[in-house]
1. With closer than 30 Å to residue 277 by Cβ and outside the structural domain of residue 185 (by TED's automatic domain parsing) as the only criterion, which of 454, 399 stands out?
2. Under 7 Å by Cβ, and 6 or more places apart or on different chains, what pairs join a residue from the stretch 262-277 that is closer than 11 Å to residue 298 by Cβ with one that is part of a helix (DSSP H, G or I)?
3. Mind listing whichever residues of the stretch 357-383 are buried (at least 19 other Cβ atoms within 10 Å of the Cβ) and farther than 20 Å from residue 441 by Cβ?
4. What do you reckon, is residue 155 assigned to a loop (DSSP other than H, G, I, E, B) and surrounded by fewer than 20 Cβ atoms within 10 Å (Cβ to Cβ)?
5. For residue 225, only one of the following conditions fails: (1) in contact with a helix residue (DSSP H, G or I) (Cβ under 7 Å, 6 or more places away or on another chain); (2) under 27 Å from residue 168 (Cα atoms); (3) surrounded by fewer than 24 Cβ atoms within 10 Å (Cβ to Cβ). What is its number?
6. For residue 300, all conditions in the list (1) more than 25 Å from residue 476 (Cα to Cα); (2) outside the structural domain of residue 27 (by TED's automatic domain parsing) hold save one; what is the number of the exception?
7. With the requirement that a residue be in a helix (DSSP H, G or I) and touching a residue at least 12 places away in the same chain (Cβ under 8 Å), what does the stretch 278-302 give you?
8. Can you tell me how many residues in the stretch 131-148 are touching a strand residue (DSSP E or B) at 6+ places or on another chain (Cβ under 8 Å) and at pLDDT 95 or above?
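The values are calculated or read from the model by the stated rules, or taken from the named source; none is laboratory data. Everything quoted here is computed from the prediction, not taken from an experiment. Methodologically, a virtual Cβ is constructed for each residue, glycine included, from the backbone with ideal geometry; neighbour enumeration extends over all protein chains shown.
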């Protein structure tokens with residue numbers, strides 16, 4: 001039997017540098033300056049960085065390296081150099097609180113932190129609490145973190161020789177990401193070389209995201225969040241031109257990069273693309289250059305987003321995934337025999353989360369663990385297993401035990417699955433609203449509100465109620481210059497739902513609060529407004 005071919009990141013980078021050496025990686029740095037390098041140059045810098053990790057920084061196999069960086073070429077280099085030195089890259093979520101950053105870095109046991117300039121103030125505050133970190137490497141600037149050795153990336157590279165990239169065993173850790181910690185402290189998830197490789201290949205299939213060499217990919221999803229959904233690895237594998245928008249990209253910068261760089265495919269959470277859609281409409285833009293498709297996930301995609309981008313000639317591919325599933329495991333496309341359906345029915349399909357990727361299996365179960373029918377009506381908790389689903393949490397046996405049933409991972413998402421296999425998210429278990437013994441889907445109600453032309457975004461959540469247990473409340477942010485009242489919005493959605501599904505209150509805010517990965521922060525909303533209905537008469541609401 002021949003030697004096993006390791007499914008690792010070495011092949012991904014080698015293939016890009018060998019067959020597409022002149023293809024560009026476009027990156028915006030911390031000062032808004034556009035930089036360009038080729039795959040050949042990326043390969044050289046990765047090898048030199050690998051030499052610095054093993055030489056000047058004196059790191060070895062099994063060590064963990066943290067990155068506190070935005071979407072830049074420097075961060076992309078770390079995504080290859082660290083794993084191909086038999087180490088694991090811990091991408092620190094830059095939206096975490098200081099306490100969560102400390103917790104995740106200490107839990108991972110990171111020895112070195114690579115950081116962008118704007119992370120210096122935070123590092124200076126928490127340096128004394130980092131138990132295992134021995135040095136900080138600044139990616140683009142000079143400075144000093146008191147109590148820690150502080151180095152400059154370019155100095156390290158200039159002093160280092162190019163090192164060979166290791167043909168790492170495919171089952172070895174390549175990256176670590178921590179969940180957003182909606183309950184308790186964030187939990188660590190380890191991604192293997194094999195899992196990343198398979199996930200990258202799956203993104204290149206025509207019935208998923210169809211990433212190809214012909215594409216120009218703009219990475220809007222932060223590289224600190226599940227490695228930008230592992231799309232940079234997919235783009236590198238097939239030799240796509242890549243565009244990295246840098247720190248805090250504005251809507252204007254995103255649109256400019258799409259037009260200037262000939263972007264054909266991008267990704268991001270619904271809020272970002274709703275802002276892009278609004279920007280385009282305000283300026284009378286009827287085509288976004290070469291952009292043909294966007295992968296949208298993180299929360300349910302409003303129908304208005306799908307229809308709005310269709311008018312711009314852009315297909316919206318809804319994606320579903322979690323930290324524990326290497327993000328994407330389900331995506332929406334319309335099966336060939338369903339393409340003769342009326343447009344409205346096809347849009348209705350695209351609003352669903354979609355079908356599992358090849359290599360992924362799903363089912364739905366009730367509270368007793370019994371399978372529910374795939375009838376598109378009966379809800380159940382989504383369970384999932386497959387080629388790149390993690391099998392546990394890092395250093396957390398208790399969480400592993402409660403989250404897995406045999407080979408199946410319990411997602412905590414309540415879904416229906418129709419006879420064609422299309423998955424539709426009803427709600428998160430913790431976000432379902434139980435009113436008078438009946439369930440209300442917060443997602444369904446907020447998506448209906450967001451289809452109103454005046455609404456920018458809306459979140460629906462449960463508030464305690466003396467008579468009904470819980471009642472839905474909506475917070476709504478209107479588009480700039482738009483007007484709408486509570487009565488108008490409730491009248492707009494009243495024919496879509498039973499009367500008891502309608503929110504008791506509609507509160508108008510400038511912006512709906514969000515979690516570190518751009519989802520509506522319903523935990524915060526529930527805490528903020530938990531006493532809102534306590535003075536209720538007890539007779540309002542359900543009927």
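1. Details: 399 fails: closer than 30 Å to residue 277 by Cβ.
None of the other options fit; the residue is 454.
2. Pairs found: 267/229; 267/231; 270/305; 273/305.
3. Hits for the stretch 357-383 are 357, 360.
4. Details: assigned to a loop (DSSP other than H, G, I, E, B): no; surrounded by fewer than 20 Cβ atoms within 10 Å (Cβ to Cβ): yes.
Considered against the rule, which asks whether it is assigned to a loop (DSSP other than H, G, I, E, B) and surrounded by fewer than 20 Cβ atoms within 10 Å (Cβ to Cβ), residue 155 comes out as no.
5. That leaves (1) as the condition not met.
6. It is condition (1) that residue 300 fails.
7. Taking the stretch 278-302 first, the residues in a helix (DSSP H, G or I) are 278-282.
Those that are in a helix (DSSP H, G or I) and touching a residue at least 12 places away in the same chain (Cβ under 8 Å): 278, 279, 280, 281.
8. Total meeting the criteria: 8.
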